[in-house]
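Report on one structure; see the data block that follows.
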Amino acid sequence: MADNIFISDERIEGDGSADGPLTGRTVAVKDNISTKGVATTCGSAMLEEYVPPYDATVISRLKEAGATIVGKANMDEFGMGSTTETSAFGPTDNPAAPGHVPGGSSGGSAAAVAAGEADLALGSDTGGSIRCPAAFCGVVGIKPTYGLVSRYGLVAYGNSLEQIGPFGETVEDAAALLDVIAGPDERDATTRDAAPEGESYADAATGDVDGLTIGVPTELLEGADEDVVDTFWDAIADLEDQGAEYHEVSLPSVEHAVEAYYVIAMSEASSNLARFDGVRYGPETEGEGDAGSNWNETFSQVRKDGFGDEVKRRILLGTYALSAGYHDKYYKKAQDARAWVKQDFDEALSEADVLASPTMPVTPFEQGESLDDPLQMYLADANTVPVNLADLPAISVPAGESDTDGLPVGLQLVGPAFGEERLIRAASALE
Ligand code: GLN
């Protein structure tokens, strides 16, 4: 298959009888979202044979809306990465920049839309996994407010941080998919009823930014490549021409956001991934020598064979951060930092309608470039992870291409909790 976008390309037809809002539209679905009767691998050898017995709530809603699912999209293993290179099923190429990574972890979903393999796509965003690939592939991606979209049927990585969200070629397309998946679900107690103020999210894509105030957090420009920053300012100038105003704001706490995010995400991951033990989930083991008779050895063998290096690294670090004696030093400190980040965003958003920054501080890496240096990869998430720590909504919209190499650059807008319409309105002004 072109570019290794899909892990499986089995089609799932929606309810064709009704004339739903997505009738005739095709959707690619990240392979960590459960599809009844269709393999859901999370990009991991551990789940290569796993076929869920039920649909995630977002899948039921897609079917009711009449959409056709065209495949399960490639991703970093269990959502851990920013390049889609940690997938057990091989990397995905970037259709907008061949030879480069599509971003991650929802790289297959963004690439499907960029390549025209699907009209729309679903991804999940724990620390940027929708916005990063949207920026790298030159498409639109929305990370909803925590609690707007049901996580029932999403294989958990860092459940206090993540949301399922839409990709589209345009802001209006992505918003129309958000209309279908948003809303309370009795199967996810963290969801709440926060219907759009207008008719729908898609209706908010009016492009009207007259009088909008944009706060630009200086800290989110500091580590970014010059090329990216230039493209970002061009986009802000475009919004100014249309009647928006900008001023600089400060988010001092974001200096600690990457550290806090990785402690919290790895801690939650170490606990969530305990279920992949060859008994509850994962391949059944035959009694091979001693391993078959000794529970500890069987368990270790399944996890050794089934998980890739990045997943193992995170389980080890997360287990360490939660262990007695270190819990207060790492996990509790990270929770304090999270509270500080939230407070900073509240303050900045009391002085501006939306906050704007480059989505990613860099343009897409070349294939293979980032795998050797995990720390470098974590630092590339500097602008996206603070938003998950603060539970806020954000959108990444194409800002243009970098001057020197012509690679896609994304602009991120962040708004107040359940302020998706404001983001959709502002982002659509850049199209
Ligand atoms: N790159 C980040 C990580 O590896 C974000 C991943 C995500 O949002 N799922 O954790």
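On the basis of being out of contact with any helix residue (DSSP H, G or I) (no Cβ under 7 Å at 6 or more places or on another chain), within 16 Å of the ligand (Cβ to nearest atom), within 29 Å of Ala427 (Cβ to Cβ) and touching a residue at least 60 places away in the same chain (Cβ under 8 Å), does Gly108 make the cut?
Details: out of contact with any helix residue (DSSP H, G or I) (no Cβ under 7 Å at 6 or more places or on another chain): yes; within 16 Å of the ligand (Cβ to nearest atom): yes; within 29 Å of Ala427 (Cβ to Cβ): yes; touching a residue at least 60 places away in the same chain (Cβ under 8 Å): yes.
Considered against the rule, which asks whether it is out of contact with any helix residue (DSSP H, G or I) (no Cβ under 7 Å at 6 or more places or on another chain), within 16 Å of the ligand (Cβ to nearest atom), within 29 Å of Ala427 (Cβ to Cβ) and touching a residue at least 60 places away in the same chain (Cβ under 8 Å), Gly108 comes out as yes.
Please find, within region 378-400, the residue that is nearest to Pro133 (Cα to Cα) out of those that are β-branched (Val, Ile, Thr) and within 11 Å of the ligand (Cβ to nearest atom).
Thr384
Residue check: is Ala118 surrounded by 24 or more Cβ atoms within 10 Å (Cβ to Cβ), more than 13 Å from the ligand (Cβ to nearest atom), assigned to a helix (DSSP H, G or I) and not β-branched (Val, Ile, Thr)?
No.
Would you point out the residue of region 349-377, among those that are surrounded by fewer than 18 Cβ atoms within 10 Å (Cβ to Cβ) and assigned to a helix (DSSP H, G or I), that is farthest from the ligand (Cβ to nearest atom)?
Among those residues, the one meeting the criterion is Ser350.
Give just the number: which of (1) within 16 Å of the ligand (Cβ to nearest atom); (2) closer than 20 Å to Pro386 by Cβ does Gly147 not satisfy?
(1)
If you go through region 187-200 one residue at a time, do you hit one that is surrounded by 15 or more Cβ atoms within 10 Å (Cβ to Cβ), among the small types (Gly, Ala, Ser) and touching a strand residue (DSSP E or B) at 6+ places or on another chain (Cβ under 9 Å)?
yes
For region 319-370, enumerate the residues that are hydroxyl-bearing (Ser, Thr, Tyr) and touching a strand residue (DSSP E or B) at 6+ places or on another chain (Cβ under 9 Å).
Ser357, Thr359, Thr363
Within 16 Å of the ligand (Cβ to nearest atom), within 30 Å of Pro184 (Cα to Cα), in contact with a strand residue (DSSP E or B) (Cβ under 6 Å, 6 or more places away or on another chain) and touching a residue at least 40 places away in the same chain (Cβ under 8 Å) - does that describe any residue in region 59-68?
Within region 59-68, none of the residues are within 16 Å of the ligand (Cβ to nearest atom), within 30 Å of Pro184 (Cα to Cα), in contact with a strand residue (DSSP E or B) (Cβ under 6 Å, 6 or more places away or on another chain) and touching a residue at least 40 places away in the same chain (Cβ under 8 Å).
Are there any pairs, at least 6 apart or on different chains, whose C-beta atoms fall under 7 Å, with the first in region 369-380 and at pLDDT below 85 and the second among the hydrophobic types (A, V, I, L, M, F, W, C), and if so, which?
Ser370/Met377
Going by the conditions given, is Thr213 among the polar types (S, T, N, Q), away from the ligand (no atom under 16 Å from the Cβ) and modelled with pLDDT of 95 or more?
Spelling it out, Thr213 is indeed among the polar types (S, T, N, Q), away from the ligand (no atom under 16 Å from the Cβ) and modelled with pLDDT of 95 or more.
Taking only pairs six or more apart or across chains, which ones have beta-carbon atoms under 9 Å, a first residue in region 385-410 that is on the phi > 0 side of the Ramachandran plot, and a second residue that is hydroxyl-bearing (Ser, Thr, Tyr)?
Cβ pairs passing all conditions: Asp391/Thr145; Asp391/Tyr146; Asp391/Ser160; Gly400/Thr231.
Does Tyr262 meet the test of being closer than 20 Å to Val362 by Cβ and surrounded by 14 or more Cβ atoms within 10 Å (Cβ to Cβ)?
Numbers: closer than 20 Å to Val362 by Cβ: yes; surrounded by 14 or more Cβ atoms within 10 Å (Cβ to Cβ): yes.
Spelling it out, Tyr262 is indeed closer than 20 Å to Val362 by Cβ and surrounded by 14 or more Cβ atoms within 10 Å (Cβ to Cβ).
Please work out which one of (1) within 16 Å of the ligand (Cβ to nearest atom); (2) not in a loop (DSSP other than H, G, I, E, B) is the condition Trp233 fails and give its number.
Going through the list (1) within 16 Å of the ligand (Cβ to nearest atom); (2) not in a loop (DSSP other than H, G, I, E, B), Trp233 breaks only (1).
Just wondering, is there one or more residues in region 243-251 that are part of a loop (DSSP other than H, G, I, E, B) and among the aromatic types (Phe, Trp, Tyr)?
Within region 243-251, not a single residue is part of a loop (DSSP other than H, G, I, E, B) and among the aromatic types (Phe, Trp, Tyr).
Restrict the check to region 291-300 and report whether at least one residue is surrounded by fewer than 19 Cβ atoms within 10 Å (Cβ to Cβ), modelled with pLDDT under 90 and charged (D, E, K, R).
Yes; the residues of region 291-300 include at least one that is surrounded by fewer than 19 Cβ atoms within 10 Å (Cβ to Cβ), modelled with pLDDT under 90 and charged (D, E, K, R).
The values are calculated or read from the model by the stated rules, or taken from the named source; none is laboratory data. All values derive from a computational prediction rather than experimental measurement. Ideal geometry is used to build each Cβ from the backbone, glycine not excepted, and the neighbour counts take in all protein chains shown.
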